[in-house]
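Below: one structure, written as structure tokens.
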Amino acid sequence: MASKIVITILQMIKIRKLVESDIEFAKSLTDAEEWGNSIEDWNRLLRISIPLIACEGENSLGITTAFDYGDLGMIGNVVVSSNSRGNGVGRLLLKEAMKVLESCKSVRVHSKMDVVSFYKNLGFMAEGMSTIFRLDADMKSFQPFVIDSDENIVPAEGYWDEIIAMDMRQFGGDRSKLLKEFNDYLPQCSYVALGEDGSVKGFIMAKGEESWYEVGPWIVEPGCKNWQGLLQSAVQAIPKNCNIEIFVPAPNFRVTSLLDSMGYHAQSYCMSMYYGESWPDEGNICARGGGDKG
């Protein structure tokens, strides 16, 4: 009898594109998960992702966001309201997101540890655990840390083509819209590291407002001098009395060691999972950044 009720409920649920009038509901769900998505974040997601919402009549039940980066896709913000869970709403949302990303060769999600089995049951493969590090506002005064020199760390303005090319090499997809959104919103937090020949060897960006910021993407390539200086410059540009988070893919021991030594602590963990082809190597990605929490 219970299974028949669930089937009936699923038949009544419709998945549609999330629109501006749905943002308050979407934010309430991500707030409940303590993911820190602001109204600005959701306005940005409306512009750069394919946001979906599950509805039953006039009732909103759950949300997700899909990101089409060409060969690579991402699914994030999969959240169902507490009184609608257990009825297959999340499965419907994920399947619809997979449909809109069907042209992607590989799709990734960063799963909360307690719902890994949900994604496994839908064909996703676990590939490694990532860590979200946090620097509490009262520890920010301990920045900056000691580096040899930061003369090669300069504002990102004027290096846009090089940044996009590097991100495509390391990430494996076209995130130019996402990066432009970050840079346009907080240009003071966007920096590049230059090599001796003047070429871009690394870059960093950030997003956030009020008392919460997230650093990333933060990407460096072999031979990048003062890669730590990128983090220092971005963090110094963030206002005082703000909490800072950094989403570090595993394994990246040089980054985790640096953050541990500077007062950052492991706030939470995610399991990186993929569907389709395996994901490109992330050895040069110090911090992911982006709207892809799962």
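Quick notes on this structure:
- Contact order relative to length of the chain, as percent, for alpha carbon pairs under 8 angstrom and 6 or more apart: 22 percent
- Estimated from helices alone, the mean residue ellipticity of the chain at 222 nm is -9000 deg cm²/dmol (sum of -39500 (n - 2.57) over DSSP H runs with n ≥ 4, per residue).
- Cα-based Kirkwood hydrodynamic radius, segment 7-129, one decimal, Å: 14.8 Å
- When a 1.4 Å probe is rolled over the protein heavy atoms, the share of accessible surface on the chain that falls to carbon and sulfur comes to 50 percent.
- Taking label positions 7 Å along the Cα-Cβ direction at both E20 and S38, the computed distance is 1.9 nm, reported to one decimal.
- Between S103 and M139, residue separation times 0.36 nm minus the direct Cα-Cα distance comes to 8.5 nm.
- In the list (i) -0.47, -0.68, -0.77, -1.09; (ii) -0.28, -0.44, -0.55, -1.12; (iii) -0.35, -0.54, -0.65, -1.16, the label attached to log10 I(q)/I(0) by the Debye sum over Cα atoms at q = 0.08, 0.10, 0.11, 0.15 Å⁻¹ as derived from the coordinates here is (iii).
- Using the Cβ-Cβ distance between H265 and E127 with R0 set to 22 Å, the FRET efficiency from 1/(1 + (r/R0)^6) comes to roughly 0.35.
- Degrees separating the helix 176-185 axis from the principal Cα axis of the chain, which is the longest one: 70 degrees
- Stokes-Einstein D (µm²/s) once Rh is taken as the Kirkwood radius of segment 169-257 over alpha-carbon pairs, at 37 °C in 0.692 mPa s: 239 µm²/s
The values are calculated or read from the model by the stated rules, or taken from the named source; none is laboratory data. These numbers come from a predicted model, not from an experiment. Cβ: placed from backbone, ideal geometry, glycine included. Neighbour counts: every protein chain shown. Heavy atoms of the whole protein, side chains included, go into the accessibility calculation; ligands, DNA and RNA do not. Shrake-Rupley method; radii C 1.70, N 1.55, O 1.52, S 1.80 Å.
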